[in-house]
Amino acid sequence: GSYETIHVERKGRTALLTLNRPEALNALNLQVMNEVVAATAELDRDPDVGCIVITGSPRAFAAGADIKEMRPRSYMDMYLSDWFAAWDRLGDLRTPTVAAVSGYALGGGCELAMLCDILLAADTAVFGQPEIKLGVIPGIGGSQRLTRAVGKAKAMEMCLTGRTIDAVEAEWAGLVSRVVPADELLAEALAVAETVAGMSLPVAMMAKEAVSRAFETTLAEGVRFERRLFHAVFATEDQKEGMAAFVDKRPPGFTHS
Ligand code: HXC
């Protein structure tokens, strides 16, 4: 499709989605939400896409939900339109996603990053849930995903005071997998995505599903779920190929089947 607030390009089996509302530091209005959700759903259906990278600009990944758009709304407006519910579909994607965060990832921006599977940060990244300063609370899962990522102590302080954390603190707290110099962020994110996209797509989907399940269930149920998927990967061509390639001492040629 053609979009106004985002830019989508393909690089081999990787898709790069760039938020593009520079005049508002990529504030996430309904148009951005609808475009990101539509574009990622389309990429998710494409078997030639093995990983989706979501990024913003050097200054801002996204400075939050669009405050000017939300300001006049009533409870009934928010409730009847189920404001922000469509963002949940990003978490339902089967294709692995990478957030490449540079600059501000505040409010909805931090929540969008946390909806992705792998979170890479530039050394310039700033994460926060400053909604309380506006008289609201997180609305795209921030209070839940941040707490699961960094634990109660930091999540509670961040949500109650609006204090932001830098990339170093974010990595130390377990919010991001890695911090890289800002000018290397995109190349690094694309390299990670290319690595993921080079794996068997169905097996990568199952790995994603298995890790994601850890956020939803008990340890015993999660381990049982993993075991079922682990058995299931032996039905793929790619398991045969991956193990044959190891024994033959050659790189595997996965066929995503
Ligand atoms: C709408 C925004 C915006 C936002 C920035 N802008 N963030 N517009 N919604 N979330 C706009 C500014 O109004 C300004 O437009 C332009 O982007 C540049 O921003 P400045 O503030 O001039 O830049 P700077 O001084 O560098 O400060 C950057 C900043 C600040 C620290 C990130 O913009 C800021 O605090 N933004 C809001 C962060 C925030 O509270 N996010 C949470 C939103 S609520 P003009 O036209 O004036 O030049 C949220 C909750 C969701 O996400 C769930 C609740 C229901």
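The values are calculated or read from the model by the stated rules, or taken from the named source; none is laboratory data. These figures come from a predicted structure and were not determined experimentally. A quick note on method: Cβ atoms are made from the backbone with ideal geometry, for glycine too, and the neighbour counts reach across all protein chains shown. Side chains are part of the model used for accessible areas, which takes the heavy atoms of the whole protein and leaves out ligands, DNA and RNA. Shrake-Rupley method; radii C 1.70, N 1.55, O 1.52, S 1.80 Å.
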Kindly evaluate residue 247 against the criterion of being closer than 20 Å to residue 14 by Cα and β-branched (Val, Ile, Thr).
no
Kindly provide the set of residues from region 129-138 that are crowded, with 23+ Cβ neighbours inside 10 Å and in contact with a Ser or Thr (Cβ under 8 Å, 6 or more places away or on another chain), ordered by number.
129
Would you be able to tell me the number of residues in region 141-158 that are closer than 18 Å to residue 63 by Cβ and either out of contact with any Leu (no Cβ under 7 Å at 6 or more places or on another chain) or among the small types (Gly, Ala, Ser) (or both)?
3
Over region 117-131, the set of residues over 24 Å from residue 92 (Cα atoms) and touching a Leu at 6+ places or on another chain (Cβ under 6 Å) is 122, 130
Looking only at region 36-74, and only at residues there that are surrounded by 24 or more Cβ atoms within 10 Å (Cβ to Cβ), in a loop (DSSP other than H, G, I, E, B) and on the phi < 0 side of the Ramachandran plot, the one that is nearest to the ligand (Cβ to nearest atom)
63
Starting from region 64-76, take each residue that is closer than 19 Å to residue 142 by Cβ and list its partners that are open to solvent by less than 100 Å² (accessible area, probe 1.4 Å) and more than 6 Å from the ligand (Cβ to nearest atom), counting only C-beta distances under 6 angstrom and pairs at least six apart or across chains.
64/109; 65/28; 66/29; 69/29
Scan region 82-103 residue by residue and report those that are within 12 Å of the ligand (Cβ to nearest atom) and either touching a helix residue (DSSP H, G or I) at 6+ places or on another chain (Cβ under 9 Å) or open to solvent by less than 10 Å² (accessible area, probe 1.4 Å) (or both).
83, 84, 87, 103
Would it be correct to say that residue 206 is touching a residue at least 12 places away in the same chain (Cβ under 8 Å), out of contact with any strand residue (DSSP E or B) (no Cβ under 7 Å at 6 or more places or on another chain), farther than 16 Å from residue 116 by Cβ and assigned to a loop (DSSP other than H, G, I, E, B)?
no
